[in-house]
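Working notes, structure below.
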Amino acid sequence: MRIIEAGYKKVYVGDAEEIARAVADIYAAILKAKPNAVLGFATGSTPLPLYAELVRRVAAGEMSFADVTTFNLDEYVGLEPTHDQSYRYFMDTNLFNHIDVDPARVHVPSGISVDVETLAAYDTAIVAAGGIDMQLLGIGCNGHIGFNEPGTPLDSLTHVVELTQNTREVNARFFASLDEVPTHAATMGIKTVMNARQLVLIATGASKADALYATVKGPVTPEVPASALQIHPCAFIFADEAAAAKL
Ligand code: PGA
């Protein structure tokens, strides 16, 4: 992989498979040092090659998630965990059902119970578990992380957001129509994400090029939630050539 020096951060550039292997190596190092690590996972198309690599390594006996605790970033409001577009279902079918994680230690925000107590309890559970050792992130075309859309305060904890029209249109590809895309989501806040001891953001595809540029070369601003990574002490950014094209 080649390295682009971009402001305070390095961006590791390679193809999606190289990124998957490199990030899987990060998981392997974390789990070797701390088998009961607390891992923050993400949904979306971006992490799919990584999840396939993690599944392969677990099947090959190279890695074990038996003692980890997991927290996912976000969930659509209104979708039951069994709904085939819920993020809980996505995680079960793309990762959790195929690795040796203990389902009792898997956490995904509820899309059904979204009262303030339940939302606050998500942050409390993260703290009670010892804090997140490594949080995986994708990035939206508008610079969102989790479902923290532009304008979300940098000190936000887990909360409900109204999804932007852009985000709903981008995600409509997974639904029968735009009307079926939920209008709201429960998401870890930017502060929840920033509290993780290590962050790994992956950006792939030309549609992420502007957002990645703003993330690493623009100001740290709530208008580009991912720009907060600039001030995280241990944030790693991986991109393919298309996403890195403007750096
Ligand atoms: P994607 O979504 O991986 O499907 O591009 C990333 C995101 O919106 O955070």
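The values are calculated or read from the model by the stated rules, or taken from the named source; none is laboratory data. Just so it is clear, the model here is predicted, and its values are computed rather than measured. Please note: Cβ atoms are built from the backbone with ideal geometry, for glycine as well, and neighbour counts cover all protein chains shown. Accessible surface areas use protein heavy atoms only, side chains included; no ligands, DNA or RNA. Shrake-Rupley method; radii C 1.70, N 1.55, O 1.52, S 1.80 Å.
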On a straight-distance basis, which lysines could pair with Lys9 in a cross-link, Cα separation under 20 angstrom, same-chain partners fewer than 8 positions away excluded? Lys191, Lys208, Lys217, Lys246
If one computes the Cα centroid of segment 53-104 and of segment 173-247, what distance in Å separates the two points? 21 Å
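First measure r as the distance between the Cβ atoms of Lys34 and Ala120, then evaluate 1/(1 + (r/R0)^6) with R0 = 25 Å and state the FRET efficiency to the nearest 0.05.
After rounding, the FRET efficiency stands at 0.40.
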Whether segment 1-133 is rounded, prolate or oblate, judged on the alpha carbon gyration tensor where a/c under 1.5 counts as rounded: prolate
Where trypsin sites (Lys or Arg not before Pro) in DSSP loops with at most 16 other Cβ within 10 Å are excluded, longest remaining stretch of the chain: 1-196
Run the quick spin-label model on Ser177 and Gln165: label points 7 Å from Cα toward the beta carbon, then report their separation in nm to one decimal. 1.8 nm
By accessible area (1.4 Å), largest first, Met63, Met1, Met194 order as Met1, Met194, Met63
Place a +1 charge on the Cβ of each Lys and Arg in segment 131-190 and a -1 charge on the Cβ of each Asp and Glu, then give the dipole magnitude about the Cα centre in debye, rounded to the nearest 20. 100 debye
For segment 1-99 the GluC sites (Glu not before Pro) that pass both the DSSP coil test and the at-most-11 other-Cβ-within-10 Å test are Glu62
Hydrodynamic radius of segment 143-238 per Kirkwood, over alpha carbon pairs, in Å: 13.9 Å
Name the residue from Thr204, Phe174, Gly111 whose Cα lies farthest towards the positive end of the charge dipole of the chain, charges +1 on Cβ of Lys and Arg and -1 on Cβ of Asp and Glu. Thr204
To the nearest 10 square angstrom, what accessible area does Tyr213 show with a 1.4 Å probe? 100 Å²
Here the tail fraction of P(r) beyond 31 Å, over all Cα-Cα pairs of the chain, rounds in percent to 16 percent
